[in-house]
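J.: Here's a structure for you.
The values are calculated or read from the model by the stated rules, or taken from the named source; none is laboratory data. Remember, predicted model here, so these are calculated numbers, not experimental data. Cβ placement follows ideal geometry from the backbone for every residue including glycine, while neighbour counts extend to all protein chains displayed. We work out accessible area using only protein heavy atoms, side chains counted, and drop any ligands, DNA or RNA first. Shrake-Rupley method; radii C 1.70, N 1.55, O 1.52, S 1.80 Å.
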Amino acid sequence: MNLHKQTIFYREMLRIRRFEEMLLALFREGRLQGTAHGWKARTAAELYELVRRVGDLTDTELRERVADPDGGLCEQLLADGRIARVTVMGVA
């Protein structure tokens with residue numbers, strides 16, 4: 001393999017490696033944020049821990065982190081007083 005072909009080969013390998021690293025970073029972030037498939041909250045306790053770890057979330061962001069958005073987990077935590085809905089500049 002001549003030098004030019006080697007250079008192209010190594011550039012491509014580096015590009016693939018960077019892409020893999022980016023995907024891994026996105027997956028890790030999704031896991032930490034509770035947005036990755038399989039890492040969303042399934043119970044009220046999991047959702048509470050996620051909110052405690054992540055911090056303030058809008059209603060939409062909160063529902064994105066629940067495995068079953070229609071399951072009533074958000075409402076259960078609100079009713080129990082474990083989370084509170086606060087409106088800031090028109091966003092809840």
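J.: Scan the stretch 1-53 for residues that are open to solvent by 60 Å² or more (accessible area, probe 1.4 Å), hydrophobic (A, V, I, L, M, F, W, C) and within 17 Å of Leu73 (Cα to Cα) and jot them down.
T.: Trp39
J.: In addition: Could we say that Tyr10 is at pLDDT below 90 and among the hydroxyl-bearing types (Ser, Thr, Tyr) here?
T.: yes
J.: Which condition breaks for Glu64 when tested against (1) modelled with pLDDT of 90 or more; (2) touching a helix residue (DSSP H, G or I) at 6+ places or on another chain (Cβ under 8 Å)?
T.: Unmet for Glu64, out of (1) modelled with pLDDT of 90 or more; (2) touching a helix residue (DSSP H, G or I) at 6+ places or on another chain (Cβ under 8 Å): (2).
J.: Filter the stretch 26-53 for residues that are of a type in the set (A, V, I, L, M) and in contact with a helix residue (DSSP H, G or I) (Cβ under 6 Å, 6 or more places away or on another chain); which is nearest to Met89 (Cα to Cα)?
T.: Step one: of the stretch 26-53, the residues of a type in the set (A, V, I, L, M) are 26, 32, 36, 41, 44-45, 47, 50-51.
Retained after the next criterion (residues that are in contact with a helix residue (DSSP H, G or I) (Cβ under 6 Å, 6 or more places away or on another chain)): 36, 41, 44, 47.
Numbers: Ala36: 29, Ala41: 27, Ala44: 27, Leu47: 25 Å.
Among residues in the stretch 26-53 that are of a type in the set (A, V, I, L, M) and in contact with a helix residue (DSSP H, G or I) (Cβ under 6 Å, 6 or more places away or on another chain), the one nearest to Met89 (Cα to Cα) is Leu47.
J.: Further, regarding this structure: Restricting attention to the stretch 1-47, which residues are within 15 Å of the chain's Cα centre (by Cα) and of a type in the set (Ser, Thr, Tyr)?
T.: Applying the first criterion (within 15 Å of the chain's Cα centre (by Cα)) to the stretch 1-47 yields 22-42, 46-47.
Thr35, the sole residue that qualifies.
J.: Moving on to the next point. Any residue that is free of Cβ contacts under 8 Å to residues at least 40 places away in the same chain, under 13 Å from the mean Cα position of the chain (by Cα) and open to solvent by 80 Å² or more (accessible area, probe 1.4 Å) - is there at least one of those in the stretch 80-87?
T.: Taking the stretch 80-87 as the starting set, the residues that turn out to be free of Cβ contacts under 8 Å to residues at least 40 places away in the same chain are 80-87.
Adding the requirement that they be under 13 Å from the mean Cα position of the chain (by Cα) leaves none.
Among the residues of the stretch 80-87, not one is free of Cβ contacts under 8 Å to residues at least 40 places away in the same chain, under 13 Å from the mean Cα position of the chain (by Cα) and open to solvent by 80 Å² or more (accessible area, probe 1.4 Å), which makes the answer no.
J.: A follow-up question, please. Check Asp70, Asp56 and return the single one that is at pLDDT below 90, of a type in the set (D, E, K, R) and open to solvent by 90 Å² or more (accessible area, probe 1.4 Å).
T.: None of the others qualify; the one that does is Asp70.
J.: Would you pick out the residues in the stretch 52-92 that are among the aliphatic types (A, V, I, L, M) and closer than 17 Å to Trp39 by Cβ?
T.: Val54, Leu57, Leu62, Val66, Ala67, Leu73
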